[in-house]
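These notes concern the structure reproduced below.
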Amino acid sequence: MTTVHPAFDWHEVARKALASRMMDEMEENELVPQGKVNYQFSARGHELGQLLLSQLLTHPHDAASVYYRSRPFTFGSGLTLEEAFASDMARPSGTSGGRDVGVVCNMPRRGRALILPGAGDVGSQFTPAAGWAQAIVYHTRELGETDWADSIAVVFGGDGAVATNGFWSALTIATTQQLPLLFVVEDNGYAISVESPQQTPGGNIAANLASFHSLRIWDGSGTRPAETAELVYEAVRYMRSGQGAGLLRLTVPRLSGHSSVDNQAYKSAEVIAEEWQRDPTPEPTRINFIEAIRRTLDCELSLNPRCVVFGEDVGKKGGVHAATLGLQTKHGARRVFDTSLSEEGIVGRAVGMAYAGLMPVPEIQFRKYADPATEQINNCGTVRWRTNNRFAAPIVIRIPGGYRKIGDPWHSVTSEITFAHQPGWRFACPSNAEDAVGLLRTALRGNDPVIFFEHRAMLDSPWARRPYPGDDYLLPFGRAKIIQPGDDLTVVTWGAMVERCELAARELNASIEIIDLRTLSPWDTAAVLESVRKTGKCLVVHEDILFGGFGAEIAAVVASEGFTYLDGPVERLGAPSAPVPFSTSLMEGIVPTVALIREKMESLLEY
Ligand SMILES: Cc1ncc(C[n+]2csc(CCOP(=O)(O)OP(=O)(O)O)c2C)c(N)n1
């Protein structure tokens, strides 16, 4: 969503809209065909206004009367996905314990609106909402219960529902008594197949009620974020002012059939195409790797006052890779600061800070410049062992490195084996933004020192951009990811080589399983062995020098523990024993290319 109205948490809107959308799609494409859900109502197209509204209903006596297409609103009000699925599948943990249709729900208050008991008969939702609104006035004025003051009731309905007795009855009650009741009409143009001009003349209930006494009207799009946000915000603001009832009409597309048993045969292809043009759900916004790091640091700095971020240029400049951009301004120069040009000083100081209970996150500008801190790094890893567990120094050293468009021996090496060989350290080498978020957060909340390797080729690589997985996202260390499943060959890799392996596999007509290890200390032996058991063949691809590289460790474990599964030699591909050269063409002679990986895959497949 491009427009940010300050009254709303837009990340939440996007997250819950996508969750609701995914649930609808899962029901339609899997659960209904499989017979696990028998009756389904999709809210696809209706999400935006409902979620925005849910965020503003935070008064302790706000209540909402919903209908079967209100699931996004109930998510916004606190319903969990588990409860929604359970309701759908008529399980005991659903909102009716399996008694009522899944989307006919009710929910005691969870910080936002209380959801009054829903019902299946269209129109019956309106008058109970009017009753709640009248009770708000009674509690406030007759009983003098000041905590009820300024509460409101909201009732949702479709364009068909405005023709019902209940709607008109509630409208009369709310307007004659000037009650704090907001009618929200989600006008998708259809009541099953009957079009809105048959429900109200001209098809627009808001236009028809324009001159209705004591009723404030808002009418506009329910799919354009800025416009919808403004309408919702203004409507709730007015309702809380005690001036009486209101009606908010939001035009939305109904992107699915009325229910799972409706094939929409009454809509032309043009109508359906036009409806999809109004789809309010955003494509998940992808962030790059560096933004993933920045956001996670920002989030953990906000949550953990003991967290400190420092290194050469990380303060005012925001780091030479921009990973700490803006963090000093936001969190202050005592928590995000520049250091002197001494890696020994950066890491050694971090160790001392960790002894004293802080959570230091030092940055080393480029891989090779960690070398001056070798002594401190080694000592940090062995602290627990050396002190018989009486001291620990959990620090997270962020180190960018690896080749980029060009190479060189200082910035572009990975040499991960050096760290894998340091007792006591954990080592993460994520290939993409999503994994970077999860692993960095786990590192920042753990009790072990972690080397967090940020591959330079992936920092702004389009391949590594992923939807932001959220401020709570954690990934365990030692858990590999199957990038693509396959039966003929297992390829084990990590970091920037994951993308290259994927590209190479795409050029071959074979079933290749690609495993991204994500962390090397510990590494997921179980996932690799399980895969080799299936494929019988294993290739390890890494960017670091082949001789004595981490691939040798993997090959040794596969040869030893997976010997009986093997149907060919365990192969490795890595760099020759030389630093990464400056010129691109020389560099491509060192770092495994897509062509080289493909050749290696081919020869092992043919073995
Ligand atoms: C009193 C009553 N009559 C008929 C129905 C059958 N029915 C269920 S939904 C529906 C259409 C309602 O359309 P609308 O109010 O526009 O909401 P939408 O489904 O489009 O969101 C009908 C006729 C019903 N549930 N209740």
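Just so it is clear, none of the values below were taken in a lab; they were calculated from the coordinates. As the structure is a prediction and not an experimental result, all values here were calculated from the model. Because the Cβ atoms are built from the backbone with ideal geometry, glycine has one as well, and the counts that use them run over all protein chains shown.
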Quiz item: Helix 374-386: angle to the longest alpha-carbon principal axis of the chain, degrees 0 to 90, nearest 10?
Solution: 80 degrees
Quiz item: By how many nm would the segment from ALA322 to GLU227 grow when fully extended, if each residue of separation counts as 0.36 nm and the alpha-carbon distance is taken off?
Solution: 30.8 nm
Exercise. Just add up the charged neighbours of MET26: K/R +1, D/E -1, any other residue whose Cβ is under 14 Å from the Cβ of MET26.
Key: -3
Practice problem: Starting from the amide H of CYS538, placed 1.01 Å from N in the peptide plane, find each other amide H under 5 Å away whose residue is 5 or more places distant or on another chain. | Solution: THR490, GLU571
Self-check item: Tilt relative to the chain, helix 165-176 - C-alpha long axis, 0 to 90 degrees, to 10
Solution: 80 degrees
Self-check item: Cα-based helix-to-principal-axis angle, 225-240 vs the chain, degrees rounded to 10
Solution: 50 degrees
Self-check item: Theoretical gain in end-to-end length, GLU82 to LEU143 [0.36 nm per residue, Cα-Cα removed]
Solution: 18.1 nm
Quiz item: Sorted by mean Cβ packing within 10 Å, highest first, what order do the peptides 248-258, 233-243 take?
Solution: 248-258, 233-243
Exercise. Taking 7 Å along the Cα-to-C-beta vector as the label spot, tell me the SER211-THR58 distance in nanometres, rounded to one decimal.
Key: 4.1 nm
Practice problem: Classify segment 150-229 as rounded, prolate or oblate from the Cα gyration tensor: take a ≥ b ≥ c as the square roots of its eigenvalues, call it rounded if a/c is under 1.5, otherwise prolate when a/b beats b/c and oblate if not. | Solution: oblate
Practice problem: Could you sort 353-365, 371-383, 428-440 so that the peptide with the highest average Cβ count within 10 Å comes first and the rest follow in order? | Solution: 428-440, 353-365, 371-383
Quiz item: Using 12 Å as the cut-off for backbone N distance, which residues of segment 503-521 belong to the label zone defined by a point 7 Å from the Cα of GLN484 along Cα→Cβ?
Solution: 503-515
Practice problem: With unit charges on the beta carbon (Lys/Arg positive, Asp/Glu negative), name the residue among LEU31, LEU181, SER603 whose Cα is farthest towards the positive pole of the charge dipole of the chain. | Solution: LEU181
Practice problem: Taking the Cβ of PRO253 as the centre, find all other residues whose Cβ is under 14 Å away and add up their charges (Lys, Arg: +1; Asp, Glu: -1). | Solution: -3
Practice problem: Could you check the simple spin-label distance between THR382 and GLU25, using points 7 Å along Cα→Cβ, in nm with one decimal? | Solution: 5.2 nm
Practice problem: Give me the compactness ratio for the chain, meaning the Cα radius of gyration over 2.2 N^0.38 Å. | Solution: 1.17
Quiz item: With each pseudo-label sitting 7 Å past Cα toward Cβ, what's the LEU586-ASP460 distance in nm, one decimal?
Solution: 2.5 nm
Quiz prompt | Dipole magnitude (debye, nearest 20) for segment 10-277, charges at Cβ of Lys, Arg, Asp, Glu | solution = 420 debye
Quiz item: Charges only on Cβ, +1 for Lys and Arg, -1 for Asp and Glu: so what's the dipole of the chain about the Cα centre, in debye to the nearest 20?
Solution: 1480 debye
Practice problem: Within 10 Å of each residue's Cβ, count the other Cβ atoms and sort LEU181, LEU517, LEU143 from fewest upward. | Solution: LEU143, LEU517, LEU181
Quiz item: Based on DSSP, what percent of beta bridges with both residues in the chain are antiparallel, to the nearest 5?
Solution: 15 percent
Quiz item: In deg cm²/dmol and to the nearest 500, what is the mean residue ellipticity at 222 nm of the chain if only DSSP H runs of at least 4 residues count, each as -39500 (n - 2.57), divided by the residue total?
Solution: -10000 deg cm²/dmol
Exercise. Which order do the peptides 12-19, 267-274, 116-123, 485-492 take when ranked by the mean count of other beta-carbon atoms within 10 Å per residue, highest first?
Key: 485-492, 12-19, 116-123, 267-274
Quiz item: How much FRET efficiency would the formula 1/(1 + (r/R0)^6) give for LEU474 and LYS330, where r is the Cβ-Cβ distance and R0 is 30 Å, rounded to 0.05?
Solution: 0.85
Exercise. Would you work out the charge dipole size for segment 481-606 about its Cα centre, treating the Cβ of every Lys and Arg as +1 and the Cβ of every Asp and Glu as -1, and quote it to the nearest 20 debye?
Key: 120 debye
Exercise. Please compute the net charge surrounding ARG15, taking Lys and Arg as +1 and Asp and Glu as -1 over other residues with Cβ under 13 Å from its Cβ.
Key: -3
Quiz item: What is the fewest-to-most order of GLU599, GLU502 by other Cβ atoms lying within 10 Å of their Cβ?
Solution: GLU599, GLU502
Quiz item: Between segment 147-166 and segment 174-196, what is the C-alpha centre distance in whole Å?
Solution: 7 Å
